[in-house]
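Presented below is the structure to which this report refers.
The values are calculated or read from the model by the stated rules, or taken from the named source; none is laboratory data. All values reported here derive from a predicted model rather than from experimental measurement. Every residue, glycine among them, receives a Cβ derived from its backbone with ideal geometry; neighbour counts consider all protein chains shown.
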Amino acid sequence: MKSKTANEEYIEKAKLLTEDEAERLQSRMIDKLHRRLEDKKLNTIEAIAIQLEFEDEQLNEWRERVVEVREKFKDKKPKEG
């Protein structure tokens, strides 16, 4: 993950999270993001916002790959009958 700043949309989403949801997101943070938080280069809300955005991007990429796989195998289904 490149060093990036928190997107305002994701900062607002981060502010709406419960304490438990925020803790779960923090537990999944990559090391680089943890270091920036510990070095006080980011505040907690900014770090959570970046993690939210990162996870959304990963989810969208995964969805695109699933669509590609389904399309690939849709054509290879055996004909019933």
From LEU37, LEU52, LEU33, LEU42, residue being surrounded by 11 or more Cβ atoms within 10 Å (Cβ to Cβ), not in a helix (DSSP H, G or I) and not β-branched (Val, Ile, Thr): LEU42
Any hit, segment 69-77, residues being surrounded by 15 or more Cβ atoms within 10 Å (Cβ to Cβ) and in a helix (DSSP H, G or I): no
Options ASP56, ASP31, ASP39: the member that is within 18 Å of the chain's Cα centre (by Cα) and over 18 Å from TYR10 (Cβ atoms): ASP31
Of the criteria (1) in a helix (DSSP H, G or I); (2) at pLDDT 95 or above, which one LEU17 fails: (1)
Pairs with Cβ under 7 Å, 6+ apart, first in segment 22-45 and closer than 15 Å to ALA6 by Cβ, second acidic (Asp, Glu) and assigned to a helix (DSSP H, G or I): none
Filter result for GLU57 (charged (D, E, K, R) and surrounded by 13 or more Cβ atoms within 10 Å (Cβ to Cβ)): no
